[in-house]
Amino acid sequence: MHALNIIIIIITVGLPARGKSYIVKKLRRYLNWLQYETRVFNVGNLRRVNEASQQHDQSANFFDPDNTDMKRIRDDLAIQVLDQMIDWLKQGGRVGVHDATNSTVERRKLLIDRLRKEPEIKVLILESVCTDKMVLERNFRLKLFGPDYKDRDPAEALLDFKSRVDNYERAYESVGDWEEEQDIQFCKLINVGKKVIAHNISGYLSGQCIFYLMNFNLAERQIFITRHGESMDNVTGRIGGDAPLSEKGRKYARALERFVSQQRASFAYDLASRKVKEEDDWRSYGLEPLDGKKESETIDTRTTQEKIDAKAKELSSGQFTVWTSMLKRSMATAANFDPDVYDIKHIRFLNEINSGMREGMSYEEIQRFYPEEFHTRQSNKLYYRYPGMGGESYIDVIHRLQSMIIELERMTQSCLIVTHRVVMRIILGYMLDWSQKEMPHMLVPIHTVYELRPKPYGTELKKWQYIESVDSFVEF
């Protein structure tokens, strides 16, 4: 696929607080995980640097479409960022993202005219539209904690930001007729993928972008990832195979079920507490409730604690999925989970890397009998493929796991993944945005659980280690 030498610039379109930056940051992470070097170039970041040096007003007045001086500055900034991106792509980048509102045909024409001088670069326009009033209001209020409104009164900041949005709305032109006339490929993402409109999408990489964008959501959830419990091959130091668990491994499996059950209940309570108390937090800023109702319409005679308990009970009864590989040691690690409580699936894609002719050997034996091969693997673990029928490389496993990553993004429920060292490194590499150089070398010991919580601005991580002497997990 890399031999095709595809180079793409993605131009974002959308009003403020429509999730553009969130969407393209996730897309960047996915494409980098697939080994397509991708970078996001944010026009707002350059604007803030420019404002600091030139002492430009950062208020809504800067975004007034009738203010010709400010419009010229905004257009100049957009072109500066585009030129920076083109320079980076010519130095070996594969996908550059022009992250800005780009909310008029005139602005988009300005960018496209510049790109016509670069015929080797394909263009994909990505518009994010949000019509969900609750999501919009939440996004607006998240903006209060962003760099433009740092240390400002929240009520005053919200009013200014809404004025900024109003200014953009006055001149906003959705992607459509002009782009179709120019035969430009575009994708319109409505309410974070609930509806997708695509036009003239061509090529593998553009298709991968659209497929990914159709399959993620904003649901708060837990994703637990762990290796299987200690196996008999772990005891003897042999790779591959299909060995059963050792006694330590079986003990870990029992503790894992208890741990996940406890964390599941704790997460439900925490989420319920935040949802119930969120409205009180906004009211403390002098703002209306997120649902837009007046105080008299939202009277609830229950205490805050009663509301939290009821919400937590509702959340904890939701579906929870357990995925394992098809290997004995992985399935046995999840054997204590009640199938009436957990949705358990055994998936071949989660099997450990196939070591080909080296299955059943130890690393010491490979180093002794095949020293040149051992050195080759150590120097380039990402691309080294084990010899023999079925032998795989990290790159092979990445592409094998592509559908699992899409499913992880699509799911709204929490899940536990019980898998193996290489597979765990690759999944964590995606979730935590590890570089392709560091990912194959990251330590992921047995009897350790990684808890991931996707957030609007990244992934929150907790790590838990099983302590056999106390038969319990501790966070570290």
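The values are calculated or read from the model by the stated rules, or taken from the named source; none is laboratory data. Not measured: the values here are computed from a predicted model. We place every Cβ from the backbone using ideal geometry, glycine too, and count neighbours over all the protein chains shown.
Checking each residue in segment 159-177 for being part of a helix (DSSP H, G or I) and either surrounded by 14 or more Cβ atoms within 10 Å (Cβ to Cβ) or free of Cβ contacts under 8 Å to residues at least 60 places away in the same chain (or both) picks out Leu159, Asp160, Phe161, Lys162, Ser163, Arg164, Val165, Asn167, Tyr168, Ala171, Asp177. Of the helices (runs of 4 or more DSSP H) lying entirely inside segment 1-114, those containing at least 2 residues that are modelled with pLDDT of 95 or more and assigned by TED's automatic domain parsing to the domain that holds Ile190 span 20-33, 68-90.
Got a number for residues in segment 322-371 being on the phi > 0 side of the Ramachandran plot and touching a Lys or Arg at 6+ places or on another chain (Cβ under 7 Å)? Break it down stepwise before answering.
Taking segment 322-371 and keeping what is on the phi > 0 side of the Ramachandran plot, we get 356, 360.
Checking which are touching a Lys or Arg at 6+ places or on another chain (Cβ under 7 Å) leaves us with 360.
Qualifying residue count for the region: 1.
Looking only at segment 134-156, residues that are over 25 Å from Leu218 (Cα atoms), free of Cβ contacts under 8 Å to residues at least 24 places away in the same chain and not in a loop (DSSP other than H, G, I, E, B) come to 1 in all. The condition of being crowded, with 18+ Cβ neighbours inside 10 Å, within 24 Å of Leu31 (Cα to Cα) and modelled with pLDDT of 95 or more holds for only one of Arg400, Arg377, Arg358, Arg385, that being Arg400. Selection of segment 185-195 for residues being outside any loop (DSSP other than H, G, I, E, B) and either more than 19 Å from Lys122 (Cβ to Cβ) or at pLDDT below 95 (or both) yields Ile190, Lys195.
Scanning segment 423-462 for residues that are surrounded by 12 or more Cβ atoms within 10 Å (Cβ to Cβ) and among the charged types (D, E, K, R) yields Arg425, Asp433, Glu451, Arg453, Lys462.
Cβ-Cβ distances below 8 Å connect the following pairs, each with a first residue in segment 193-205 that is among the aromatic types (Phe, Trp, Tyr), a second residue that is part of a helix (DSSP H, G or I), and a separation of six or more residues or different chains: Tyr204/Leu4. Of the residues making up segment 417-462, those that are touching a strand residue (DSSP E or B) at 6+ places or on another chain (Cβ under 9 Å), closer than 29 Å to Asn139 by Cα and not polar (S, T, N, Q) number 13.
Of the helices (runs of 4 or more DSSP H) entirely within segment 325-405, those holding at least 3 residues that are among the hydrophobic types (A, V, I, L, M, F, W, C) occupy 394-400.
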